[in-house]
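The values are calculated or read from the model by the stated rules, or taken from the named source; none is laboratory data. What you see is a predicted model, and the numbers here were worked out from it, not measured in a lab. Cβ atoms come from the backbone with ideal geometry, glycine included; neighbour counts cover every protein chain shown. Heavy atoms of the whole protein, side chains included, go into the accessibility calculation; ligands, DNA and RNA do not. Shrake-Rupley method; radii C 1.70, N 1.55, O 1.52, S 1.80 Å.
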Amino acid sequence: MADINVIADQLSTLTVMEAASLAKLLEEKWGVTAAAPMAMAMPGAAAAAAAPVEEQTEFDVILIAVGDKKIQVIKEVRAVTGLGLKEAKDLVEGAPKPVKEGVSKDEAKKIKAQIEAAGGQADVK
């Protein structure tokens, strides 16, 4: 029986090209591919792929741009957030910024529609 440590030492001295040639030779000789063991070596990746994808339940509405109607956008931001005039103005002028965070999908769509109707650009993330 061959000493496994000696074989490991000999393999570690191979160049990348020699290792690739060895892998190809073994694939041909034994009728296997080197790709199959890699899938087994990463069980965490397979488990992550098999895990069900959670549906996002909380969304953020982001003001991307103000547009031509800055005053109307400020009014909508105030209505949606309950902020004072100065805070809403600062938020609008600092775009892109989140307007409302952690809201439901329906509420996020509604807020986005309100901002866009006022002349601003919004995105839901």
Check: Which residues, counting only those in the stretch 88-112, are open to solvent by 30 Å² or more (accessible area, probe 1.4 Å) and more than 25 Å from the chain's Cα centre (by Cα)?
Finding: Lys89, Asp90, Glu93
Item checked: Cross-chain or 6+ apart pairs with Cβ under 8 Å, the stretch 16-27 first and free of Cβ contacts under 8 Å to residues at least 40 places away in the same chain, then assigned to a helix (DSSP H, G or I) and of a type in the set (A, V, I, L, M, F, W, C) -> Ala19/Leu11; Leu22/Leu11
Next item on the list: Could you pull out every one of the helices (runs of 4 or more DSSP H) wholly within the stretch 25-123 that has 2 or more residues that are of a type outside the set (Ser, Thr, Tyr) and modelled with pLDDT of 80 or more?
Entry: 70-81, 85-93, 105-117
Notebook entry, point to check: When you scan the stretch 68-79, how many residues do you find that are within 15 Å of Gln121 (Cα to Cα) and open to solvent by less than 90 Å² (accessible area, probe 1.4 Å)?
Noted result: 6
Check: From Leu85, Leu63, which residue is exposed (fewer than 14 other Cβ atoms within 10 Å of the Cβ) and at negative phi?
Finding: Leu85
